């Protein structure tokens, strides 16, 4: 585990800077997915953009691909992307599996302690049906009673440095981001 942390190429600073820049004003170079009643929206697309800004390389491999292709036109509606780029549950399994398989590039170690998380790490939220439905990036910390509390930036309900607590979530998945 320490090997990955010592050799981590992930720029937390760049990922967080991107989140601040586009947290409430989406980047027009990427497709924006409007939120809808079933809980879907732009959250994971935005988190993938942040991870890419932090140095995560795109991966076009067949197994655990993670990519976004811009057609470089003025219309982002003809862009294409992998399911893992834009769907919370798919990104979760991609990050976790890539870590377990020791694949190069983007991956994440799931941890169980908020105190281990740093700026640029990701929190993913699971609902009462067992589905991971939302992704957010840690962009700041506040303190309450001496305890460090993460603040998140997210899309779908676009916000910067908001509470990480989600009443609709049964469980949080704390993802320690690694790029090698």
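The values are calculated or read from the model by the stated rules, or taken from the named source; none is laboratory data. Here the structure is a predicted model, which is why all the values come from computation and not from measurement. Positions of Cβ are backbone-derived with ideal geometry, glycine not excepted, and every protein chain shown enters the neighbour counts.
Within the stretch 131-159, the set of residues being crowded, with 16+ Cβ neighbours inside 10 Å and either in contact with a helix residue (DSSP H, G or I) (Cβ under 6 Å, 6 or more places away or on another chain) or modelled with pLDDT under 95 (or both) comprises 132, 133, 134, 135, 137, 139, 153, 154, 155, 156, 158. For the residues 52, 107, the requirement of being at pLDDT 95 or above and not in a helix (DSSP H, G or I) singles out 107. Within the stretch 102-118, the set of residues being buried (at least 18 other Cβ atoms within 10 Å of the Cβ) and farther than 21 Å from residue 69 by Cβ comprises 107, 108, 109, 117. In the set (1) over 22 Å from residue 24 (Cβ atoms); (2) more than 16 Å from the chain's Cα centre (by Cα); (3) surrounded by 13 or more Cβ atoms within 10 Å (Cβ to Cβ), residue 170 fails one condition alone, (3). Scanning the stretch 96-104 for residues that are assigned to a helix (DSSP H, G or I), within 24 Å of residue 171 (Cα to Cα) and out of contact with any strand residue (DSSP E or B) (no Cβ under 8 Å at 6 or more places or on another chain) turns up at least one hit. Within this structure, residue 73 fails the test of being assigned to a strand (DSSP E or B) and either under 19 Å from residue 10 (Cα atoms) or over 17 Å from the mean Cα position of the chain (by Cα) (or both).
One residue alone among 99, 128 is over 20 Å from residue 54 (Cβ atoms), surrounded by fewer than 23 Cβ atoms within 10 Å (Cβ to Cβ) and over 14 Å from the mean Cα position of the chain (by Cα), and that residue is 128.
Pairs meeting the criteria (first residue in the stretch 111-126 and closer than 15 Å to residue 179 by Cα, second residue part of a helix (DSSP H, G or I) and modelled with pLDDT under 95, beta carbons under 8 Å, at least 6 apart or on different chains) are lacking.
The residue of the stretch 77-94 that is farthest from residue 173 (Cα to Cα), among those that are surrounded by 16 or more Cβ atoms within 10 Å (Cβ to Cβ) and either at pLDDT below 95 or over 14 Å from the mean Cα position of the chain (by Cα) (or both), is 81.
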